[in-house]
Amino acid sequence: MAGKAFTQISRGQFLLGGSIRFESVKETYYLNDTYQSTDIFVSPAIGYFVLNKLAAGLRVDLSSYKLNISNVEQKSTIIVLRPFVRYYFLPVASKINAFLDAGYLLGKRKWEGFFSSPADTDKSKGFQVSAGPSIFLTEQIALEFTIGYRHTTSDNWGLDPDKASTLSSGFGLQIHLGKKKKQRNS
């Protein structure tokens, strides 16, 4: 349609999707020991465009780890709620756009084994910032690539808090739902 474009990131639209992140983690914990790992996370998300190019929503991370140190097994399950805001920089009708995504983290981790028998829990909080391109494959489906930074602090059972800084890269798929709005070029 000449002169018209569909606006996927307009006020009133919904954002439904998720991402897969690959992370390199360096963690400092009790007695200044460090831990390094490479992890994979899957995070479903839902959001709503409160203004053109600005969405707010919620992500949920569910992770499960199994670690063996000197033939001693450590398991942990982590649930993280991540309220977020996301801003797209280019015009609303762009097929390729760039975004900045920021959020607060509230987590709960359950430990079994190595440090704790029976199971114990700790809580964490922090923030995350990520950015990248969003490529609209269709009017409703966008493929995204991200680079991000996350910082968390865990309560660590009353000892010195665990602190973790994480650099990540990943990709995701977002589905933009809602009534199609048309924009006229002036």
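The values are calculated or read from the model by the stated rules, or taken from the named source; none is laboratory data. As the structure is a computational prediction, the values presented were derived from the model and not from experiment. Note: ideal-geometry Cβ built from the backbone for every residue, glycine included; neighbour counts use all protein chains shown.
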Residue hits (segment 80-113; of a type in the set (S, T, N, Q) and in contact (Cβ under 8 Å) with a residue 60 or more places away in the chain) are N97
Cβ-Cβ under 8 Å, sequence separation 6+ or interchain: first residue in segment 163-186 and farther than 30 Å from K125 by Cα, partner charged (D, E, K, R) and at pLDDT below 90. Which pairs?
K180/E139; K182/K4; Q183/K4; R184/K4; N185/K4
